[in-house]
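Enquirer: After the structure tokens below, expect a handful of questions from me.
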Amino acid sequence: MNPFFKKLFSSKKNDPQNHVSSFNEQQAQEEDVQFIDHGVTTVSLDHIIGSVGKYYDFDSQFKPKKYVSGKRFLDIKKAMREGKNLPPIKLYQIRNDYYVLDGNHRVAAAKELGRLDIKSKVIELLSAKKTLENLLYLEKKKFHKETGLSQNIDLTEVGKYNFLEKQIKKHQHHLTNISGSETDVKKAAQDWYNTIYTPLITLINNGNLVKYFPKRSVADLYTYIAYHHWERTSNRRYGIGIDRLIPRSMETFRSVMLEKDTPDYPEMKRSVTAFILININASTEMKIVDKLFAIEEVQEVHSVHGAIDILVKIILKRDFLASDAETIAEFVDQRVRKINGINRTQTIIPGLSKVKERFAC
């Protein structure tokens, strides 16, 4: 059979294993469950992943399967389009995931209409099982309750939410001192998030630091840098030098960031200029010149006479953790030396440069 038609007729929609998650299967894995009634709240549809008793009736995208009543689904969708007031659905919550107890069709209709959230009556099952996932969830829950922060901060190590909470309390003390009156911890937490956490997160993202730690979150890197830079004040080598961007005091950092217009935070990337002296096989000179000039980071290519054959000017972006020598060496090794016909290279990094404005790249 033609692969296209084979794929069409064996669609996942007809796969009995293609369904939303089962609440009962997940509940069986929990221990010492405590039920907490959160009343009526708004829940993101992206977090509703399963059903209590009808998980086989909906595919993995929460679309009704063919044998499910189409009329009921269409009636609910019509009511939603017309803005009619439908009752809240009922959900069970296990950590960050939600399972439908009542209202599967309303969830399916809301998802199909592109809604982002839905009004829900939520009962949470809080497990005391000592798994990393549960411990992190409980820490995170406590952190958000104590600080009142609604913004999501995802950490992957136990104990780090406690570190952030202590940092916020120190900031609360600082705000109290400079204002002369007691600062509420939730106001201090929001100020910390806006003037300390967000700017440093922006710096980390601008430096593309996360790529060096694929199993860590950007919040993990915040806690790592904040701890070593503001708690231990240890001398750590970060390639371009984080000391030039982040003061040794958290509150001094805040003061510096307050003077900047969001999101005009300093980049953690800087460019580095270098010259590469290249010896080649004379017969392949023009081909090599063309290949070098086609490389994005190469700014200039010159065929010269004397002890070398080709002079190349490059401008590279430094990464947060990489030194100039490492950045250049990797580029020359991976992009330049692999060109056929190049015999030898030598790299020169200028210590001081002066460029007349009309000649600047």
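The values are calculated or read from the model by the stated rules, or taken from the named source; none is laboratory data. None of these values were measured; they are calculated from a predicted model. No Cβ is skipped: glycine too gets one built from the backbone with ideal geometry, and neighbour counts run over all protein chains shown. Just so you know, the surface numbers come from the protein's heavy atoms only, side chains and all, with ligands and any DNA or RNA stripped out. Shrake-Rupley method; radii C 1.70, N 1.55, O 1.52, S 1.80 Å.
Enquirer: Under 8 Å by Cβ, and 6 or more places apart or on different chains, what pairs join a residue from region 123-140 that is farther than 14 Å from D97 by Cα with one that is surrounded by 17 or more Cβ atoms within 10 Å (Cβ to Cβ) and of a type in the set (V, I, T)?
Expert: That search, which allows pairs on different chains as well, returns K140/I153.
Enquirer: Can you name the condition, by its number, that P87 falls short on among (1) surrounded by 13 or more Cβ atoms within 10 Å (Cβ to Cβ); (2) assigned to a loop (DSSP other than H, G, I, E, B); (3) modelled with pLDDT of 90 or more?
Expert: For P87, the exception is condition (1).
Enquirer: Among the residues in region 46-62, are any modelled with pLDDT of 90 or more, within 28 Å of the chain's Cα centre (by Cα) and surrounded by fewer than 16 Cβ atoms within 10 Å (Cβ to Cβ)?
Expert: Looking for residues that are modelled with pLDDT of 90 or more, within 28 Å of the chain's Cα centre (by Cα) and surrounded by fewer than 16 Cβ atoms within 10 Å (Cβ to Cβ), one finds at least one in region 46-62, hence yes.
Enquirer: Shifting gears a bit: Among the listed residues R115, R72, which satisfies the condition of being surrounded by 12 or more Cβ atoms within 10 Å (Cβ to Cβ) and in a loop (DSSP other than H, G, I, E, B)?
Expert: Details: R72 fails: in a loop (DSSP other than H, G, I, E, B).
Testing whether each residue is surrounded by 12 or more Cβ atoms within 10 Å (Cβ to Cβ) and in a loop (DSSP other than H, G, I, E, B) leaves just R115.
Enquirer: Within region 206-222, can you find the residues that are more than 17 Å from E157 (Cα to Cα), assigned to a helix (DSSP H, G or I) and open to solvent by less than 10 Å² (accessible area, probe 1.4 Å)?
Expert: Selection gives L209 alone.
Enquirer: Given the condition free of Cβ contacts under 8 Å to residues at least 12 places away in the same chain, small (G, A, S) and surrounded by fewer than 16 Cβ atoms within 10 Å (Cβ to Cβ), answer yes or no: does some residue in region 146-154 qualify?
Expert: Yes.
Enquirer: Right, another one. For the structure I just gave you, tell me whether K170 is closer than 30 Å to S255 by Cβ, of a type in the set (D, E, K, R), outside any strand (DSSP E or B) and out of contact with any helix residue (DSSP H, G or I) (no Cβ under 9 Å at 6 or more places or on another chain).
Expert: Answer is no for this residue.
Enquirer: Same structure again: Out of contact with any Asp or Glu (no Cβ under 7 Å at 6 or more places or on another chain), of a type outside the set (F, W, Y) and within 26 Å of K186 (Cα to Cα), is that true of L116?
Expert: no
Enquirer: Quick check on my filter: what residues within region 177-203 are crowded, with 20+ Cβ neighbours inside 10 Å and among the aliphatic types (A, V, I, L, M)?
Expert: A188, A189, I196, L200, L203
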